[in-house]
Amino acid sequence: MLDHRARMDSSKKEKVEQILSEFQLREGDLKKVMRRMQKEMDRGLKLETHQEASVKMLPTYVRSTPEGSEVGDFLSLDLGGTNFRVMLVKVGEGEEGQWTVKTKHQMYSIPEDAMTGTAEMLFDYISECISDFLDKHQMKHKKLPLGFTFSFPVRHEDIDKGILLNWTKGFKASGAEGNNVVGLLRDAIKRRGDFEMDVVAMVNDTVATMISCYYEDHRCEVGMIVGTGCNACYMEEMQNVELVEGNEGRMCVNTEWGAFGASGELDEFLLEYDRVVDEMSLNPGQQLYEKIIGGKYMGEIARLVLLKLVNENLLFNGEASEKLKTKGSFETRFISQVESDPGDRKQIYNILTSFGLLPSAIDCDIVRMVCERVSTRAAQMCSAGLAGVINRMRDSRSEEILKITVGVDGSVYKLHPSFKDRFHATVRQLTPGCDITFLQSEEGSGRGAALISAVACKMACMISQ
Ligand code: GLC
């Protein structure tokens, strides 16, 4: 009897393995993705091909040679995930350069109707939060310089001016796309009329992360986020940034690589689950690379795989619970938790029972296999992108060994138990001749925005003198 059971279990696992084998990527596949990514990056940088390129390579007006920096208190805003954050950051000057301390902060959750209503509603909500923060800390009377970390694709005209190209990550507020984001914020603050702010800089979260890590390690010339969404920025030679005049020095380019795949570059790798996730999203056909990697989507991919296994009678006795059948119910944090289980299956069992399921030991093992396959593919896909960026930098700098630091932030990178290790190993495998350090950023969005605002303030002073 026992023998029979064991044989059943192992044949079940084999069948599951077979279904999951689609998630496997070989080194050749990753190199293919990397080369295609590099090609799109190149097209994004060039004036002639920029319009049609899927990877937009947006200039940020953050340059390699800052003209010094102000010191003092800065307000940082951070919009781009499920929460909106306000922070007060002190920037000072020491022997080793600038330092920062986050002195006060507050997190506000963004109501669904503010995310998907009108731009006015969203920015009114943001300025209401700022007003609340200033009230709490009795700072309403101060007109502080403000740095805005706005984590969406923005076409900048300067460090404090840029239009939103399109929303990503489940935001959809109407009337924002095509408009100057800083203008929307300033108008909302004016509409309230109970405080004043001097908006001096707007940056992407990748850029803020890079800047915050740069102050710790001057080799940090790449910033990357693997959180709700996935994206990277890096310092490019000005002569290659054709959208901005001038050839001297370097400028930080926000790749917006999450959009990769919109011209079919990933078609051969997309699975039935990816296609469903895409079709059910607010932006079908867009951000396909991000939808393989980002925390907004990874859990949903895993849920669809689980349902497939249930339908094939390989999981939960062929019966799913109502909760498991509900779109979005299997959040990406569950993938992290399942893979953090030390081996006694308790954690996995608890998660599954909270879904109204009654899992057997083998069910728990299969769920873990699913999570591992989905998150490993994400880590590998992400590695191909970063390897593309780093190999490009190595080629353009013609250094024997490129020594470089990558500043990283985001919930998937930080909270998943093995994403980092798998990711680092694959990036290194794909980047011969490069010596890469990964630096985890702490409070990167807030500190980075404050640091760049301090530079922007200094420049504004110099211009007005
Ligand atoms: C999305 C946004 C991008 C951001 C990333 C990480 O890809 O378009 O601007 O950097 O998410 O938050």
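Efficiency by 1/(1 + (r/R0)^6): what FRET value for Glu268 and Gln51, r their Cβ-Cβ distance, R0 = 25 Å, to the nearest 0.05?
Approximately 0.50, to the nearest 0.05.
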Quiz prompt | Residue exposure sequence - His416, His218, His137, His156 - by fewest surrounding Cβ within 10 Å | solution = His218, His137, His156, His416
Self-check item: Karplus-derived HN-Hα couplings along the stretch 430-436 (A = 6.51, B = -1.76, C = 1.60, θ = phi - 60°), whole Hz, x at Gly and Pro
Solution: 8, 10, x, x, 10, 10, 9
Practice problem: At 0.36 nm per residue, minus the direct Cα-Cα distance, what do Lys102 and Lys136 gain on full extension? Give it in nm, one decimal, please. | Solution: 10.6 nm
Exercise. Show that you can apply the helix-only estimate: for the chain, add -39,500 (n - 2.57) for every DSSP H stretch of four or more residues, divide by all residues, and state [θ] at 222 nm to the nearest 500.
Key: -14500 deg cm²/dmol
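How much length would be gained if the chain were fully extended between Thr326 and Glu442, taking 0.36 nm per residue of separation minus their Cα-Cα distance, in nm to one decimal? Numbers along the way, then the final one.
Numbers: separation 116, 0.36 × 116 = 41.76 nm, distance 3.44 nm.
Length gained, Thr326 through Glu442: 38.3 nm.
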Quiz prompt | Total charge dipole magnitude, the stretch 323-465, about the Cα centre, Cβ charges on Lys, Arg, Asp, Glu only, Debye to nearest 20 | solution = 340
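Under 1.5 on a/c is rounded, so check that first for the stretch 214-255, then, if it is not, pick prolate when a/b is larger than b/c and oblate when it is not; a ≥ b ≥ c are the square roots of the alpha carbon gyration tensor eigenvalues.
Because a/c hits 1.5 or more and a/b fails to exceed b/c, the stretch 214-255 counts as oblate.
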Quiz item: Let a ≥ b ≥ c be the square roots of the eigenvalues of the Cα gyration tensor of the stretch 41-97; is it rounded (a/c under 1.5), or, if not, prolate (a/b larger than b/c) or oblate?
Solution: oblate
Practice problem: Please report, to two decimal places, log10 I(q)/I(0) for the chain at q = 0.11 Å⁻¹ as given by the Debye formula with identical point scatterers on the Cα atoms and no solvent. | Solution: -0.89
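Give the shape of the stretch 354-453 as rounded, prolate or oblate, defined through the alpha-carbon gyration tensor: a ≥ b ≥ c are the square roots of its eigenvalues, a/c under 1.5 means rounded, and otherwise the shape is prolate if a/b is larger than b/c and oblate if not.
Numbers: a/c = 3.79, a/b = 1.68, b/c = 2.25.
In terms of gyration-tensor shape, oblate.
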Quiz item: What distance in nm separates the simple spin-label points at Lys90 and Ser174, each placed 7 Å from Cα in the Cβ direction?
Solution: 4.7
Self-check item: Simple Cβ-charge dipole of the stretch 156-219, Lys/Arg +1 and Asp/Glu -1, about Cα centre, in debye nearest 20
Solution: 320
Quiz item: Per-residue HN-Hα couplings for the stretch 42-55, Karplus 6.51 cos²θ - 1.76 cosθ + 1.60 at θ = phi - 60°, whole Hz, x for Gly and Pro?
Solution: 5, 5, x, 6, 7, 3, 5, 10, 3, 3, 8, 5, 7, 9
Exercise. With +1 on each Lys and Arg Cβ and -1 on each Asp and Glu Cβ, and nothing else charged, work out how big the dipole of the stretch 18-120 is about its Cα centre, in Debye to the nearest 20.
Key: 500
Quiz prompt | Distance between modelled label sites at Asp344 and Ser109, nm, 7 Å Cα→Cβ extension | solution = 3.2
Quiz item: Under 23 Å from the Cα of Lys15, which lysines turn up, not counting those fewer than eight places away in the same chain?
Solution: Lys308, Lys325
Quiz item: Just how far, in whole angstrom, is the stretch 46-65 from the stretch 407-441 if you go by their alpha carbon centroids?
Solution: 25
Practice problem: Express in nm, to one decimal, how much length is gained between Asp42 and Glu27 on full extension, taking 0.36 nm for each residue of separation and deducting their alpha carbon distance. | Solution: 3.1 nm
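Every read-out reported here was derived from the displayed coordinates using simple, explicitly stated rules and does not represent laboratory data. Nothing here was measured: the structure is a model prediction, and the numbers come from that model. Heads up, the Cβs are rebuilt from the backbone with ideal geometry, glycines too, and the neighbour counts pull from every protein chain shown.
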